[in-house]
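Colleague: My questions will all concern the structure given below.
The values are calculated or read from the model by the stated rules, or taken from the named source; none is laboratory data. The structure displayed is predicted, hence computed values, not measured ones. So basically every Cβ, Gly included, is an ideal-geometry build from the backbone, and we count neighbours across all protein chains shown. The protein model used for the area step is the full one, side chains on, heavy atoms only, and it has no ligands, DNA or RNA in it. Shrake-Rupley method; radii C 1.70, N 1.55, O 1.52, S 1.80 Å.
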Amino acid sequence: MSTVVHEFTAKVPRWSPYVTPVVLAEATPEQLDAMQVTPSNKKISDYVLTLAHDPESLKVRSPLFNAIMYGKGGLSSAERELGATAASIVNRCVYCAAVHASRFNALTKRSDVIDEIFAKGLDAELEEHQQAIFDFAAKLSKTPSEATADDIEKLADLGLSKVEILDLILSAAIFGWANRLMHTLGEPVRD
């Protein structure tokens, strides 16, 4: 029996779609192309298989997502994951929060930051640099118009370059979109 996961955790739950995902063996050439499937690549998540119902959108989504979250230069991968985690907490996306929290933990080789965030939510108390990144991503996710030039200046004062700040904005923004897709297309479950 599966139960819906409501609490934040760094242990990634299974995502269960509400609609039947595309069956890989029955996928159209357009769907396969959008998923970038090769004969040796048979493990594709149910999320991607669900998104493959709209191959045109998926073909644009994946490169954009990869460029934002895994691009070279700019904000570190761990800091992008922290921004994505903040956005996912604001948006109450348990699945995305788990994925990006676990990636942050793996990249930093520590769990205390995520433990603090999951214990206290938006009231988490972090070291100054991480706090500024977390707070800014949360503010952008909660009410984008409330992010001000003062917030940008605070990040710059902590040593973030314009490119790093842009990367943070993009990582929070893409999860404003991705979290809502996850919520409307399925739910996180534990078997």
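Colleague: Every residue in the stretch 21-59 that is more than 27 Å from residue 101 (Cβ to Cβ) and outside any loop (DSSP other than H, G, I, E, B), please. Quick ask: steps written out before the conclusion?
Modeller: We begin by selecting, within the stretch 21-59, every residue more than 27 Å from residue 101 (Cβ to Cβ); these are 22-34, 37-40, 42, 53-56, 59.
Of everything in the stretch 21-59, those that are more than 27 Å from residue 101 (Cβ to Cβ) and outside any loop (DSSP other than H, G, I, E, B) turn out to be 24, 25, 26, 29, 30, 31, 32, 33, 34, 55, 56, 59.
Colleague: Another question, if that's okay. Looking only at residues that are part of a helix (DSSP H, G or I) and in contact (Cβ under 8 Å) with a residue 60 or more places away in the chain in the stretch 101-111, which one is surrounded by the most Cβ atoms within 10 Å (Cβ to Cβ)? Give the derivation first.
Modeller: So the first thing to find is which residues in the stretch 101-111 are part of a helix (DSSP H, G or I), and the list is 101-108.
From the residues that got through so far, the ones that are in contact (Cβ under 8 Å) with a residue 60 or more places away in the chain too are 101-102, 105.
Numbers: 101: 27, 102: 18, 105: 18.
Per the stated criteria, the residue is 101.
Colleague: Here is a follow-up. Quick check on my filter: what residues within the stretch 139-151 are touching a helix residue (DSSP H, G or I) at 6+ places or on another chain (Cβ under 6 Å), without any contact (Cβ under 8 Å) to a residue 40 or more places away in the chain and either more than 16 Å from residue 86 (Cβ to Cβ) or hydrophobic (A, V, I, L, M, F, W, C) (or both)?
Modeller: 147
Colleague: Further question: Between a residue in the stretch 19-35 that is free of Cβ contacts under 8 Å to residues at least 40 places away in the same chain and surrounded by 10 or more Cβ atoms within 10 Å (Cβ to Cβ) and any residue that is assigned to a helix (DSSP H, G or I) and of a type in the set (Phe, Trp, Tyr), which pairs come within a Cβ distance under 9 Å, given they are 6 or more apart or on different chains?
Modeller: Pairs that qualify, where the first residue is free of Cβ contacts under 8 Å to residues at least 40 places away in the same chain and surrounded by 10 or more Cβ atoms within 10 Å (Cβ to Cβ) and the partner is assigned to a helix (DSSP H, G or I) and of a type in the set (Phe, Trp, Tyr), are 21/47.
Colleague: For the structure I just gave you, tell me whether residue 140 is among the aliphatic types (A, V, I, L, M), surrounded by 16 or more Cβ atoms within 10 Å (Cβ to Cβ) and modelled with pLDDT of 95 or more.
Modeller: On the way: among the aliphatic types (A, V, I, L, M): yes; surrounded by 16 or more Cβ atoms within 10 Å (Cβ to Cβ): yes; modelled with pLDDT of 95 or more: yes.
Yes; evaluated as a whole, the condition is true for this residue.
Colleague: Spot the failing condition for residue 79; the list is (1) without any contact (Cβ under 8 Å) to a residue 60 or more places away in the chain; (2) not in a loop (DSSP other than H, G, I, E, B), and only one is missed.
Modeller: With respect to (1) without any contact (Cβ under 8 Å) to a residue 60 or more places away in the chain; (2) not in a loop (DSSP other than H, G, I, E, B), residue 79 is out only on (1).
Colleague: Would you say residue 5 is surrounded by 13 or more Cβ atoms within 10 Å (Cβ to Cβ) and more than 20 Å from residue 178 (Cβ to Cβ)? Give the steps one after another, and end with the answer.
Modeller: On the way: surrounded by 13 or more Cβ atoms within 10 Å (Cβ to Cβ): yes; more than 20 Å from residue 178 (Cβ to Cβ): no.
So residue 5 does not fit the description; no.
Colleague: Out of the stretch 62-91, which residues are modelled with pLDDT under 95 and open to solvent by 40 Å² or more (accessible area, probe 1.4 Å)?
Modeller: Correct list: 63, 64, 66, 67, 70, 72, 73.
Colleague: Can you find, within the stretch 143-173, the residue that is surrounded by the most Cβ atoms within 10 Å (Cβ to Cβ) among those that are among the charged types (D, E, K, R) and touching a Gly at 6+ places or on another chain (Cβ under 9 Å)? Reasoning before the result, please.
Modeller: Looking only at the stretch 143-173, we keep the residues that are among the charged types (D, E, K, R), and these are 146, 150-151, 153-154, 157, 162, 164, 167.
From the residues that got through so far, the ones that are touching a Gly at 6+ places or on another chain (Cβ under 9 Å) too are 164, 167.
Details: 164: 20, 167: 23.
That would be 167.
Colleague: Shifting gears a bit: Pairs only if they're at least six apart or on different chains, beta carbon under 6 angstrom, first in the stretch 166-191 and over 15 Å from residue 79 (Cβ atoms) and part of a strand (DSSP E or B), second of a type in the set (A, V, I, L, M) and open to solvent by less than 20 Å² (accessible area, probe 1.4 Å); list them, first residue then second.
Modeller: Every condition considered, the pairs that remain are 188/5; 188/94; 190/5.
Colleague: So which of 33, 54 ends up being at pLDDT below 95, out of contact with any strand residue (DSSP E or B) (no Cβ under 8 Å at 6 or more places or on another chain) and among the acidic types (Asp, Glu)? Outline the logic, then answer.
Modeller: Numbers: 54 fails: at pLDDT below 95.
Just a single option satisfies the conditions, and that option is 33.
Colleague: If we scan the stretch 112-121, do we find a residue that is open to solvent by less than 40 Å² (accessible area, probe 1.4 Å), under 23 Å from residue 5 (Cβ atoms) and not in a helix (DSSP H, G or I)?
Modeller: So far as the stretch 112-121 goes, no, none of its residues is open to solvent by less than 40 Å² (accessible area, probe 1.4 Å), under 23 Å from residue 5 (Cβ atoms) and not in a helix (DSSP H, G or I).
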